Amino acid sequence: MRRTMRQQRQSLSPQHLQQAALALSRQILQLSHYKKARRIALYWPMQGEINPLPLMYHRLSRHKRFYLPVLSGNFAQKLRFAPFHGESRMRPNGFRIPEPQVAADLLMTPQDLDLLILPLVAFDAEGYRLGMGGGFYDRSLASMSHRQHWQHPRLLGVGHAFQQLDRVPREPWDVPLSIICTDLACHRINGPFT
């Protein structure tokens, strides 16, 4: 399932990806959680992932701070988030994904953020996502799954509309998303984290 979805995503034309990114931004900009958020984590799109970066350049994002995930150290298991802006110095991590080059004391944990926008390979209507398989987001959010009234960060999964499935495989440690947005619509998930 993961391979099929990734292949479909990678086959999208540059024009389609650009249009999808702009459509996604329009969807997200309407969300009250986005409007209220001040510290927002995005991701660097790879292999046909829908691009969230245009959000940074919208006038409604003027007073927001943006972050990208980084894998600190050679054996990092959890994500931290580095400040990111248009002039950030970047370097590739072990997966060849660009990361901001910043001092370790500037890195933030997920709990320091208001909104975490994360990529997915597939998703379902109950808010569960299938990621790339590395488990970095799952490990980074694991401690938060035990909180009953979890407020920070809100989890917003984003992808192309065709990535929705009836049901994705689940593990006990999976944390459901609060909202899922595609290039066509946003879906608030009814559950303990909404």
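Just one of the listed residues (ASP183, ASP166) is of a type in the set (D, E, K, R), at pLDDT 90 or above, out of contact with any Pro (no Cβ under 7 Å at 6 or more places or on another chain) and crowded, with 20+ Cβ neighbours inside 10 Å, and it is ASP183. Do we find that LEU31 is surrounded by 12 or more Cβ atoms within 10 Å (Cβ to Cβ), within 14 Å of the chain's Cα centre (by Cα) and either within 29 Å of ARG170 (Cβ to Cβ) or not aliphatic (A, V, I, L, M) (or both) in this structure? Taking the combined requirement at face value, the residue does not satisfy it.
Can you work out which of the residues in segment 93-143 that are surrounded by fewer than 17 Cβ atoms within 10 Å (Cβ to Cβ), closer than 24 Å to ARG38 by Cβ and touching a helix residue (DSSP H, G or I) at 6+ places or on another chain (Cβ under 9 Å) is modelled with the lowest pLDDT? Ranking the candidates gives SER143 first.
Could you tell me which residue of segment 1-16 is surrounded by the most Cβ atoms within 10 Å (Cβ to Cβ), considering only residues that are basic (Lys, Arg) and in contact (Cβ under 8 Å) with a residue 60 or more places away in the chain? Working first, answer last.
Within segment 1-16, the subset basic (Lys, Arg) is 2-3, 6, 9.
Keeping just the survivors that are in contact (Cβ under 8 Å) with a residue 60 or more places away in the chain gives 2, 6, 9.
Numbers: ARG2: 14, ARG6: 18, ARG9: 21.
Ranking the qualifying residues of segment 1-16, first place goes to ARG9.
Please verify whether LEU60 is modelled with pLDDT of 95 or more and either out of contact with any Pro (no Cβ under 7 Å at 6 or more places or on another chain) or within 24 Å of PRO14 (Cβ to Cβ) (or both), treating the condition exactly as stated. So LEU60 fails the test.
For VAL158, the test of being open to solvent by less than 80 Å² (accessible area, probe 1.4 Å), farther than 19 Å from PHE66 by Cα and at pLDDT 70 or above is failed. Within segment 1-24, being more than 20 Å from PHE123 (Cα to Cα) and in a loop (DSSP other than H, G, I, E, B) holds for one residue alone: SER13.
With the structure loaded, tell me whether GLN19 is exposed (fewer than 15 other Cβ atoms within 10 Å of the Cβ) and closer than 20 Å to ARG96 by Cα or whether it fails that test.
It is false that GLN19 is exposed (fewer than 15 other Cβ atoms within 10 Å of the Cβ) and closer than 20 Å to ARG96 by Cα.
Answer yes or no: is there a residue in segment 75-95 that is in contact with an Asp or Glu (Cβ under 7 Å, 6 or more places away or on another chain) and of a type in the set (Gly, Ala, Ser). Looking through segment 75-95, at least one residue is in contact with an Asp or Glu (Cβ under 7 Å, 6 or more places away or on another chain) and of a type in the set (Gly, Ala, Ser).
The values are calculated or read from the model by the stated rules, or taken from the named source; none is laboratory data. All of these numbers come straight from a predicted model, not from anything done at the bench. Here Cβ is always computed from backbone atoms with ideal geometry, including for glycine, and neighbour counts include all displayed protein chains. Accessible surface areas use protein heavy atoms only, side chains included; no ligands, DNA or RNA. Shrake-Rupley method; radii C 1.70, N 1.55, O 1.52, S 1.80 Å.
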